[in-house]
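Every read-out reported here was derived from the displayed coordinates using simple, explicitly stated rules and does not represent laboratory data. Quick caveat: nothing in here was measured; it's all calculated off a predicted structure. Cβ placement follows ideal geometry from the backbone for every residue including glycine, while neighbour counts extend to all protein chains displayed.
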Amino acid sequence: MDDFETLLKEATRRLASDYFQLPVAGQDDAVYRERVYCYELYHQLRLNWPVDSEYRLSGEVDKNGHPLIWGGRLDRVKPDFLVHVPGRMWNAVVMEVKPVTVDAMGLRKDLRTLTAFTQRPANYDRAILLVYGNGALRRVKQLASTLVAERDERIDPTAVELWIHSMPSEEAVAAGTINEVVLRK
């Protein structure tokens, strides 16, 4: 799935502000709602998905009871997005999405999930953590620095790519692996 980066950049650029942060009746400030963002991102990705591609974009595929995964670290996980060939173990991209308001527990869970998807038996080629919101890079660097220092064997910071989507109507950008982001001054 060589053109996934291009598809992701274009899809994030087309996300309008009310999908980035949801306006709430009776409240001055809009709020981050991960599901709202993800559903619109899925829609925008599908608009330009190559018709002739064997790969499919899937959202929140429940791996519970999967015959090749059952009982392992991937049992009962539902990543936000998968790019794969359903029915085969041709796995290109697994992606988790978080708003800038993510806490350490949420980030830890997603980094563990993404790491597990890069290992056997799933063997996804790429694991992407997409964080959206103003100040997302600073927030992830702060949280990830602590998590990497803990040396959790279920997190491989070299296997997970961090993408940042700072503002609506702008495209997301690749920031490097989690490890590279943590080590960067």
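Within the chain, what percent of beta bridges assigned by DSSP are antiparallel, to the nearest 5? Kindly include the intermediate steps, with their values, before the conclusion.
Values: 14 of 27 bridges.
So the antiparallel bridges amount to about 50 percent of the total.
In a DSSP loop and with at most 13 other Cβ atoms within 10 Å, the trypsin sites (Lys or Arg not before Pro) in the stretch 13-114 are Arg76, Arg88.
For Gly106, what charge total do you get from the other residues with a beta carbon under 10 Å from its beta carbon, if Lys and Arg give +1 and Asp and Glu give -1?
Details: positive: Lys98, Arg108, Lys109; negative: Glu34, Glu96, Asp103, Asp110.
After counting each charged neighbour, the total is -1.
Result for the chain in a Gaussian network model with C-alpha springs under 10 Å: among Leu41, Leu107, Leu22, the largest mean-square fluctuation is at Leu22. Checking (1) 0.94; (2) 1.29; (3) 1.01 against the coordinates, the calculated Cα Rg over 2.2 N^0.38 Å falls under label (3). The modelled label-to-label distance for the pair Ser58/Asn123, using points 7 Å beyond Cα in the direction of Cβ, is 1.7 nm. Largest GNM mean-square fluctuation across Gln21, Gln119, Gln44, computed for the chain with C-alpha springs under 10 Å, falls on Gln119.
Pairs of Lys residues in the chain, spaced 8 or more positions apart or belonging to different chains, with C-alpha separations under 26 angstrom: 17 in total. Here the Gaussian network model covers the chain, with springs between Cα atoms less than 10 Å apart; of Ser169, Ser17, Ser53, Ser53 fluctuates the most.
For Met89 and Arg13 in one chain, what is 0.36 nm times their gap in residues minus the Cα-Cα distance, to one decimal in nm?
24.3 nm
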